[in-house]
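Worksheet: one structure, shown below.
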Amino acid sequence: AEVCEVSNELEDICIKAKNTVQGEIVGVDLMESNDKGLVVHEINNTTEFRNVVKVTGNDIPTQMLDYLKNSSR
């Protein structure tokens with residue numbers, strides 16, 4: 001795993017994908033296509049974040065809990 005900079009395009013695609021399935025915290029898998037650019041491969045209702053934590057040092061589980069706690073107010 002390696003760090004991937006989140007461009008505006010990447011963020012927009014992921015937000016549209018999660019809104020399509022009316023999800024809050026989802027895993028959006030993307031593929032790069034030579035002729036179409038970034039393409040959504042699948043949207044998962046559970047997300048794997050172990051490698052993201054290792055690579056970035058971000059405490060994803062705590063961020064998810066904080067998000068859910070703050071969004072329920």
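Would you pick out the residues in segment 18-42 that are surrounded by 14 or more Cβ atoms within 10 Å (Cβ to Cβ), farther than 20 Å from V3 by Cβ and among the aliphatic types (A, V, I, L, M)?
I25, V26, V40
State all residues of segment 44-60 that are touching a residue at least 12 places away in the same chain (Cβ under 8 Å) and not in a helix (DSSP H, G or I); if no residue qualifies, say none.
N44, N45, T46, T47, E48, F49
So, in segment 43-73, how many residues would count as being surrounded by 11 or more Cβ atoms within 10 Å (Cβ to Cβ) and closer than 19 Å to N19 by Cα?
Going through segment 43-73 one residue at a time, the tally reaches 6.
I'm trying to understand the selection: among the residues of segment 1-17, which are closer than 18 Å to V55 by Cβ and either touching a residue at least 40 places away in the same chain (Cβ under 8 Å) or surrounded by fewer than 11 Cβ atoms within 10 Å (Cβ to Cβ) (or both)?
A1, E2, V3, E5, V6, S7
Here, each number is a calculation from the coordinates, and none is a lab measurement. This is a predicted model, so every value here is computed, not measured. Note that each Cβ is placed from the backbone with ideal geometry, even for glycine, and that neighbours are counted across all protein chains shown.
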